[in-house]
Structure formats: structure tokens, C-alpha cells
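Inspection log for the structure reproduced underneath, given as C-alpha cells.
Just so you know, all these numbers are worked out from the coordinates, no wet-lab data involved. Keep in mind the model is a prediction, meaning the values are calculated, not measured. Virtual Cβ from ideal backbone geometry, glycine too; neighbours counted across all protein chains shown.
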């Protein structure tokens, strides 16, 4: 009897250990750090738009972890542009997560507006604004990441030029940037190097790089390299000239940003002042602004005023935006 009891405990112990081991192996195969790293690199490679070698590597996990949602999202027009936006922002989000966050932000902002006692004419626009808040946040992250890559591009090109002078091939120089270059620029060059290793031609891989990173200076680099591969020439010297040109342009752009900082601050103050004043008046004395929501003429005045304010914001944004 004692032998059977101890044998039963031994089998229970082995069952628990094997169950935990199986659960760990299952998690590591689907959500482990190595698997996650490979999926992210394949996602980045599949978002370029050129070539066919990487187009079928990770289609099932490109937009959603669910096969049903994947098939549904693929029927939505321009959904790949949204996925590319998420990848360009550097945020590890699937399209389904982004859409869920958008609906949550919309419902949350509508609930806050309803709790503050605002009328329906304000609650519904709050829901629309909340729905687009994640998009603005992702766009802002994309813009900051692209600006960072733009500042790091000269260092990456200089590193490639030094590698070419040392006798490395073009792919070897790109691997040097992917290994020793600054992030996030090194990550983009690493993706391009991986695409070349996957079998995509150098031309398609560089076009994918220009598509993933829509920076004018990077496009100059890609065009120069492609022309050099067709016509020949000293690629290291060409890259040094491109780096010097980019560095001079960034220096000029920095001076212009300093000179236009006062105008940008004035534009922000003038854009936010009407909305901030209306919000403060509504909090301090809600009855004071009731005619604007309850009277038909007041609603027309509000619509005209908001339209004129938005036109003024657009005009000021175009005035202070200087392209170099």
C-alpha cells in the first residue's frame, strides 16, 4: 500500500513538472524574446513594398494574431498603410491593438464629456477626437523617430564610406552600420541587410528602405547608390559628398528653426487661446455659454467661429513651416 502511495506521488510530481515544462516551451515558442525579435524583424522586412521574398514570410501575423481578424482587415482599403505607420513609429503594435485603443479612447473621452454635463453636440465631437487621439500619438512618435534617423543618417553614411575605403563590399559596409551604427538608423539598415540575405536584390532592398523611412536625404542616398551601381564610380567618395551635403542642410535647418521659434510659439498661443478661454468660462460659469448651445443662432455662431479658427490654424502652420 505504501509503495503504491509513493508511486502515485512520484507520478503526480512528474506530471506537474512535465506540464510546467510544456507550458514554458509553448510560451517560449510563441512569445519568447527570440521569437519576438524574429517576428519584429520579419514584420519590418515585409512592410517595404518591393520584392517578393519577404512578402509571404509573416502575412498571418502582420495585422493580427487572429486568422479571422487578419482576413477581415485585409479587405479594408489602405490597411497596409496603417501597419506601415505603426512600424515607422517604432511602436510594437499590431493593427488590431491600435484599433482597439482608438475605440477605447473614443468611449473614454465621450464618458468624460458626459460626466461633465456637456450637451450632445459636444459629446459626439469628443468621441471623434478621442478616436483619432491614438493616430495623432503614433504620428507624433513616427515624426520624432524619423527626425532622429535624419540626424543619425550622416554618421551612418560616414561609417559606410569608411568601410568601403577599408575594402569592404557594399553589403559588408551596410552590415557595419547595422552592427555599430546608432539606433534607430542601425535597425533600418539591419532590416535592409536581412532582406539582401533573404534573396532580395540590392535595388529592391534599398527601395524598401526608402519606403519604410520616407526621408528626402535617405532617398538621395538610395538614388545615388543605385545610379553608381549602374554607371560605376567611386562609391566611397560619393557617400562622403552626400554626407557633407546632408550635414550642411541640417545646419541650415537648425538656424531656421531658431529664427522661427518665436513665430511658432505665437501660433501655438493664438491657436490654444480660444479653446482654453471657452473651457475656463464653461467651468466657472456654465450658464454664461448656454445660449451658444441652446439657441440656433448661437450654434451657427459657434460653427462659424470654429471654422474660422481652424482656417487660421492651418494658415499659421503653413506660414511657420519652412522647408529646406
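Pairs of alpha-carbon atoms within less than 8 angstrom and 6+ residues apart define the contacts here; what relative contact order does segment 115-249 have, in percent? Don't skip to the end; give the middle numbers.
Working: 104 pairs, mean separation 34.5, N = 135.
It rounds to 26 percent for segment 115-249.
In cubic angstrom, how much convex hull volume per residue do the alpha carbon atoms of segment 151-255 span? Please list the in-between numbers first.
Details: hull volume 9.6 nm³, N = 105.
Spread over its residues, the Cα hull of segment 151-255 gives 91 Å³ apiece.
Once you place label points 7 Å from the Cα toward the Cβ at residue 171 and residue 237, how far apart are they in nm?
Roughly 2.7 nm, to one decimal.
If packing is taken as the average number of other Cβ atoms within 10 Å across a peptide's residues, how do 103-112, 90-99 rank, most packed first? Intermediate values should be presented prior to the final figure.
Details: 103-112: 15.8, 90-99: 17.4.
Top of the packing list down: 90-99, 103-112.
Could you check the spin-label model distance between residue 151 and residue 304? Points 7 Å from the Cα along Cα→Cβ, value in nm.
4.6
Measure out, as a whole number of angstrom, how far apart the alpha-carbon centroids of segment 281-303 and segment 170-227 sit.
56
Assuming 0.890 mPa s and 25 °C, estimate D for segment 102-192 with Stokes-Einstein, Rh taken as the Kirkwood radius over Cα pairs, in µm²/s. Please list the in-between numbers first.
Working: Rh = 16.1 Å.
Estimated diffusion coefficient is 153 µm²/s.
How much length is gained if the chain between residue 203 and residue 276 is pulled fully straight, taking 0.36 nm per residue apart and subtracting their Cα-Cα distance, in nm to one decimal?
Numbers: separation 73, 0.36 × 73 = 26.28 nm, distance 5.15 nm.
Additional length available on full extension: 21.1 nm.
Can you figure out the FRET efficiency of residue 223 with residue 320, using R₀ = 25 Å and their beta-carbon distance, to the nearest 0.05?
Numbers: r = 30 Å, r/R0 = 1.20.
After rounding to 0.05, the efficiency reads 0.25.
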